[in-house]
Each structure stands twice: as structure tokens, then as C-alpha cells.
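Participant: Here it is, the structure, as C-alpha cells.
The values are calculated or read from the model by the stated rules, or taken from the named source; none is laboratory data. What you see is a predicted model; the values in this text were computed from it and never measured. Cβ placement follows ideal geometry from the backbone for every residue including glycine, while neighbour counts extend to all protein chains displayed.
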Amino acid sequence: MSEAARPLSLVVISAGLSVPSSTRMLADRLAAATRDVLEARGHPVDVAVIEVKDYAHDVVDATLTHFAGERLQSAIDRLKTADGVIAVTPTFNLSYAGLFKSFIDVVDPGAFTGVPVLLAATGGTARHSLAIDYTLRPLFTYLKADIVPLSVFAAAEDFGSPTTSHDTTPLNTRTTQAATILATRILHPTPTLATPAPSPTTDATPPLPQARTQDDFTDFIPMTDLLRPSP
Amino acid sequence: MQFGIFSIADITPDPVTGKIATEHERLRRVVEMATLAEQVGLDVFALGEHHNPPFVTSSPTTTLGFIAGKTSRLLLSTATTLITTNDPVKIAEDYAMLQHLSEGRVDLVMGRGNTGPVYPWFGQDIRQGINLAVENYHLLHRLWTEDVVDWEGEFRTPLQQFTATPRPLDGVPPFVWHGSIRSPQIAEQAAFYGDGFFHNNIFWPPRHTKQMVDLYRQRFEHYGHGTADQAIVGLGGQFFARDNSQDAVREFRPYFDNAPVYGHGPSLEDFTRETPLTVGSPDQVIERYLGMRDVVGDYQRQLFLVDHAGLPHQTVLEQIEILGTRIVPVLRRELDALRPAHVPDGPTHAALVAARDAALAADGEKPHSDAYRFGTGDNWTGLTAEGGEEARRQVMLRERRAQQRLADAPAGQELAGSAGSSSSDDAPSAASDE
């Protein structure tokens, strides 16, 4: 098998609204750390960043027309074939940014099923750090993502001193830890409905997951099965 | 190729004048649109079905029947008929009746509807949408092709020895299209029966339409109804035309900007680039719609939406006239010339009757007879003993032809190769084994 040759696809969703954006800074750090881990383990990685604000109008249009324009669709297609996702949003009024949610709402249902996702957020102070756990985590649980248990919240002061009064583990350390778990999940996905567990006879190091396809017809059922009377 | 218009008869305020039609006015205008469509040489008028405001299309066969009486050549169709929430027995009766009274000028597009509450209003569950479409259509298909039906399904009360009346005109049911925007199961359903597939792509980019049509074509061939390019495809469309394209854009823009569904969203320019909506001169509309063939291949029917978003009735009539006299003649000439001989034209009753007669003759069978074959008198159901003999024979013949078609098709070879499957599972009429 020539699976090792396939570069892994890591897609970063960054929903910061300003330029420069601390959300994008955090997203870039997490992406770089994940890439480092994967490459150290011998797997080349393609990283694509979806800067959500660049698609703001497309997202609103798609919300109303029920289809994504060509530009937005190519970003969504990239997402649908990702081996791993990093989702980063600013925290506004106790929650993820509205634009972040609007973007998720125009992505096809099922795009995240079984996909390893690392959750991260930024905010003014560490007081908001639980927003990840009561907004982002339930959202991606609903989407049946394979959520990395360790998430990363960066407050403004995290970009200054290496440690803060609230948190003695520096942002760098948290970033590396979370990235390492994400990388491991990408290489050894948790069995899900979409990708069932390997049979017990499989050897200890399972092969890389199959490349995901953009097939829109995953819910296709042949008519002979549709017509079969239920038992 | 067949060209026409379709309407969902929505009542929308004119965003320029603020005027809003009464239900009565809107209904009369729908009828006027249809009669003008025939006068300017269009082939098809299709009407939607909705059971809530702001629509006046709750009873399509009443409206289409009235239009049938005022026209002589126009084909009457639906856009769409709710196969999910209507009783298939009532659809079989209503449309067979319309077929007789209109002298065969009727076909149907099956749809699941896009108003969620319609399901509970008619006692159904939206989560069963696909299953309802599959089971209800299978029953409808049987009611139209078999004189006597025994039926037991999941969604409807059972039937014993039931005959849907009137029997279809000349023994040939109205042609059926299955409409779906994004459900591959519906493309599959259309392919399975060898029915048409209608993609109402007015709000969708061509790349999506192509995916759905390609799937339908491939499965049509799979089930042995012909080659993929012989499958029967219909498309939606939308335009606004004036002699001068700048005039068209200027006049249409407020209607676009305030339209239900997409208004206050994408710009007119973005939307015309991404979807089949074309706003400009008749030549621009012609050029755009000649291009649809490059997307989906040679196809059989093109319908246009011309009367939404509160456009004034007079403007709508002008658009129908431009369509019939300046756009369609060119499209028809060009597209008919390009279509190869082995690809069928749009379905008509006469063509379906001829095909049935040819099939009977090829099998050495006697010609179809319309002679009354049912019992007479009160409370009668089903066939007389003599009529029953003939009906059973016709069912057997049809079933044998379906089995043969499938056996010769990729689907049959697939089944033959898989151990443990019964080949009769694949026949549309397999359930009729009494």
C-alpha cells in the first residue's frame, strides 16, 4: 500500500473578525504544532485555512439561497475531505461568533462525522474559557465529530507572558499537547458509524484511514432496497 | 422538445407598487397565463400544489381541468404533485379523470413538497418523506397499470380487489416525472420505473443539476430502460427579457431584490452567474438555455417560471409572449436539430400509446381493447370472470416483459451474480403475484 505517500489534509476554520486577529494567531499556532507532530511521524500534511470572514457575504447568500456559491463551495469541499479539523472562534456574548455558526450551518450535514476536530477559542480574559465547553463542544458533538478532549482557550494575556495568573500551563504547552492528541486521532481515528472499528484480527498498527471523498450521494439507496417491504 | 411555463400561483405583493392580488384575481390570472401559453405556441403549462397561504393551488386538477376546457393542444402538468401527503388512490382517480377529459393532455411531476407542516396537516410524518414517496408511488403505479389491486403497505389502509376508476385513457397511464432537487433516492426512483426526472434547478447551480441528472441517467440504463442518453429529463428555468438588456435588468431588479426565497441575499449579478436565471435580451436568454444541453445532455422538457415575486400580471403576459414568439422558436429549432434520432422527444400520450401498441405487436399479441370489462350494478368491485381472465393475462405479460428487461440489463446481471437474491425483487410489479 502506498498510503504513506498521501499527504494528510488538515483544514483550519478561523472565525476571527479583525486584522490582525488573535483568533488567526491561535489557529496558525495550532496548525503548525499539529503539522510538526504529523511530519515528525513521517506523514506529510497539506494545511488549508478557511478564513471565515473572507466568506462572510457568501455565507449569508448561501443561508438564503440554500446553495453555496462556487468560491464558498470549494472551501466546503476542502472541509469535506479533511482528515482533521481545527476550529477556532472568538468568544462573543458567552458564545462562538455568529459568523462562525452561520458558516457551520451552510456546511453539508455529515461533513464532520467521525472527523477528528480540535476546538479552540479566544477571548478577552480567561473568565470566558468555559465557552468552548458549553457552546463549541455540544455543537460538534451534535455533528458527530471525533472531538479532541483537550481544547485550547487563549485570552489576550496569553499572547504576552508565557504563563498567566489564571493558568500556570503556558499557551505553548497547551497548544503542543492538544496538537499531539489531534495528530494521534488523525492517524488512529476513533471507530464511528462512518468508519467502523477494524476487526480484532487486524494487526496492532492499523493503516491510515481511507481518503474521504466529496461524494454528495452518500445517502443513496438502490430502489430494490427502498421497495423491499419492512419486516 | 417541449417548452412551457410553470407556476406555483403565489400571492406576493408587487414591491414597486405595493399592489397585491386577491385569491380570485390570482386564480383567473393563472388561467389566463395558461391560455396565452397555448396561443403563443408553448407546449406545457404546469401548476404547483400548496395547501397554505400565500398560494392558490390547493386543488390542481380543478384548475387544470378548467384550463383543459379552454385549450385544445396545451399539455397540462404539475409542479409538483405531493406524492407524500396525497392519497395515491385519489391521485390515481383525479388524474385519470383529467386525462380522459383533456384527451390525454396530462402528465405529472411527483414531489415531496417543501412546506414542512403539510405532513402533519395530512396526518403524515416528514421524517418518512422518502418512504412515503416510494410506497405511495408504487401503489399509484399499480393502480394505473393493474385493473384490480390487492395492497397492504405501511402508510395507507389496505385494499382488497380494488379498481381505480376511470381506467387510464387508452389503457396508458399519464406520463410521470419525479422531481427532486437533491435527493438521489428520487433520481433512483425515476430510473427504476423508467419514468422522467425533472430537476427544478431555478435556485441551483448547473454543477449540482448535472450530478443529479447524471445519476438518474446512469441508473435508467442500469434498470434496462434504454441507454443513459435516452432517459427523459426535464429542467426548470427562469428569465426576464426585454429588447434592450439594460431595460430588463432595471425593470426586474426590484422584484429580484425583494423576491421570496432569495431576496435580500445575493446580488442579481451573482445569482444570474450561479443559477439559470437570465435577465437580458431574448438573444441572451436563448444563448444561456442552449447551453443547458452541454450540462445535462439532450433533454426533453424545459419549463420556465415567469410569474413570481409580485410581477404585475401584464408584465407576466408580456414575458410569456416573448418566450413563445422570440425565445422558444429558436431554442426548439436548434435543440431539435441537435438531438440524435435515437433520443426520444418529450413524452406525449400519442407516443406512449404508439409504443404500447408496438410492444403488443412485437409480442404477437392482439391490440389493446377499451371494451368495458367490469361488473355492473351496485357495490361492485373488480372484474367479471371473463374480464378478469384477460386482465390477469395482461398483468402476466407486462410482468414477463419487465423481468426480461431486467434480466437483460446490468441490474439483472448484478442480481444473477449475487447468490441468495430472488430476481423477482427487482420487478416493479413483483408484488402482484396473486
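Participant: Just the residues that are within 12 Å of chain A (Cβ to nearest Cβ) and among the aliphatic types (A, V, I, L, M), please, taken from segment B:121-172.
Facilitator: Of everything in segment B:121-172, those that are within 12 Å of chain A (Cβ to nearest Cβ) and among the aliphatic types (A, V, I, L, M) turn out to be B:Ile130, B:Leu132, B:Ala133, B:Val134, B:Leu139.
Participant: Same structure again: Can you report the number of residues in segment A:38-61 which are surrounded by fewer than 20 Cβ atoms within 10 Å (Cβ to Cβ), hydrophobic (A, V, I, L, M, F, W, C) and assigned to a helix (DSSP H, G or I)?
Facilitator: 3
Residue by residue, here is whether (1) in contact (Cβ under 8 Å) with a residue 40 or more places away in the chain; (2) under 14 Å from B:Gly111 (Cβ atoms); (3) crowded, with 22+ Cβ neighbours inside 10 Å holds:
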residue: B:Leu42; (1), (2), (3): yes, no, yes
residue: B:Glu49; (1), (2), (3): yes, yes, yes
residue: B:Asn52; (1), (2), (3): yes, no, no
residue: B:Ser58; (1), (2), (3): no, no, no
residue: B:Thr62; (1), (2), (3): no, no, no
residue: B:Gly69; (1), (2), (3): no, no, no
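Participant: List the helices (runs of 4 or more DSSP H) inside segment B:209-314, counting only whole elements, that have at least 1 residues being within 14 Å of another protein chain (Cβ to nearest Cβ) and within 26 Å of B:Val31 (Cα to Cα).
Facilitator: Working: elements: B:245-257, B:268-274, B:282-290, B:292-296.
Fully inside segment B:209-314 and qualifying: B:245-257.
Participant: Still on this structure: List the number of the failed condition for A:Val85; all other conditions in (1) touching a Phe, Trp or Tyr at 6+ places or on another chain (Cβ under 9 Å); (2) over 20 Å from A:Arg212 (Cβ atoms) hold.
Facilitator: (2)
Participant: What's the number of the only condition in (1) assigned to a helix (DSSP H, G or I); (2) modelled with pLDDT of 95 or more; (3) over 22 Å from B:Asp10 (Cα atoms) that B:Arg127 fails to meet?
Facilitator: In the conditions (1) assigned to a helix (DSSP H, G or I); (2) modelled with pLDDT of 95 or more; (3) over 22 Å from B:Asp10 (Cα atoms), B:Arg127 misses (2) alone.
Participant: Let me ask another. Just the residues that are within 20 Å of B:Trp151 (Cβ to Cβ) and touching a strand residue (DSSP E or B) at 6+ places or on another chain (Cβ under 8 Å), please, taken from segment B:85-99.
Facilitator: Matches in segment B:85-99: B:Val89, B:Ile91, B:Tyr95.
Participant: Could you run through segment B:293-321 and say how many residues are in contact with a Pro (Cβ under 6 Å, 6 or more places away or on another chain) and under 26 Å from B:Ala9 (Cα atoms)?
Facilitator: 1
Participant: So, in segment B:216-241, how many residues would count as being surrounded by 19 or more Cβ atoms within 10 Å (Cβ to Cβ) and free of Cβ contacts under 8 Å to residues at least 60 places away in the same chain?
Facilitator: Within segment B:216-241, residues that are surrounded by 19 or more Cβ atoms within 10 Å (Cβ to Cβ) and free of Cβ contacts under 8 Å to residues at least 60 places away in the same chain number 4.
Participant: Can you find a residue that is closer than 19 Å to B:Thr348 by Cα and over 15 Å from the mean Cα position of the chain (by Cα) anywhere in segment B:106-128?
Facilitator: Checked against the condition, which is being closer than 19 Å to B:Thr348 by Cα and over 15 Å from the mean Cα position of the chain (by Cα), segment B:106-128 yields no hits at all.
Participant: Any idea how many residues of segment B:163-188 are surrounded by 24 or more Cβ atoms within 10 Å (Cβ to Cβ) and part of a helix (DSSP H, G or I)?
Facilitator: Total satisfying the criteria: 3.
Participant: In addition: Among the residues of segment A:73-100, which ones are of a type in the set (D, E, K, R) and surrounded by fewer than 23 Cβ atoms within 10 Å (Cβ to Cβ)?
Facilitator: Hits for segment A:73-100 are A:Asp77, A:Arg78, A:Lys80.
Participant: Let me ask something additional. Return a yes/no flag: does segment A:120-137 have any residue that is in contact (Cβ under 8 Å) with a residue 40 or more places away in the chain and acidic (Asp, Glu).
Facilitator: Looking for residues that are in contact (Cβ under 8 Å) with a residue 40 or more places away in the chain and acidic (Asp, Glu), one finds none in segment A:120-137, hence no.
Participant: Hey, another quick one. Please specify each residue of segment A:67-82 satisfying the condition of being of a type in the set (A, V, I, L, M, F, W, C) and in a helix (DSSP H, G or I).
Facilitator: Answer for segment A:67-82, where residues must be of a type in the set (A, V, I, L, M, F, W, C) and in a helix (DSSP H, G or I): A:Leu72, A:Ala75, A:Ile76, A:Leu79.
Participant: Could you tell me which of the residues A:Arg78, A:Arg137, A:Arg71, A:Arg127 is basic (Lys, Arg) and within 14 Å of another protein chain (Cβ to nearest Cβ)?
Facilitator: A:Arg71
Participant: May I pose another question? What pairs come up if the first residue lies in segment B:190-207 and is under 27 Å from B:His308 (Cβ atoms) and facing chain A (nearest Cβ under 8 Å), the second is outside any loop (DSSP other than H, G, I, E, B) and not hydroxyl-bearing (Ser, Thr, Tyr), and their beta carbons are under 7 Å apart, counting only those six or more places apart or on different chains?
Facilitator: Qualifying pairs under 7 Å: B:Pro205/B:Glu274.
Participant: Shifting gears a bit: If B:Phe162 satisfies every condition in (1) closer than 24 Å to B:Phe374 by Cα; (2) at pLDDT 95 or above but one, which is the exception?
Facilitator: Evaluating B:Phe162 over (1) closer than 24 Å to B:Phe374 by Cα; (2) at pLDDT 95 or above leaves (2) as the failure.
Participant: Of the residues that make up segment B:90-98, is at least one within 14 Å of chain A (Cβ to nearest Cβ), part of a helix (DSSP H, G or I) and hydrophobic (A, V, I, L, M, F, W, C)?
Facilitator: no
Participant: So, A:Leu64, is that one among the hydrophobic types (A, V, I, L, M, F, W, C), assigned to a helix (DSSP H, G or I) and either farther than 27 Å from B:Leu268 by Cα or at pLDDT 95 or above (or both) or not?
Facilitator: So A:Leu64 fails the test.
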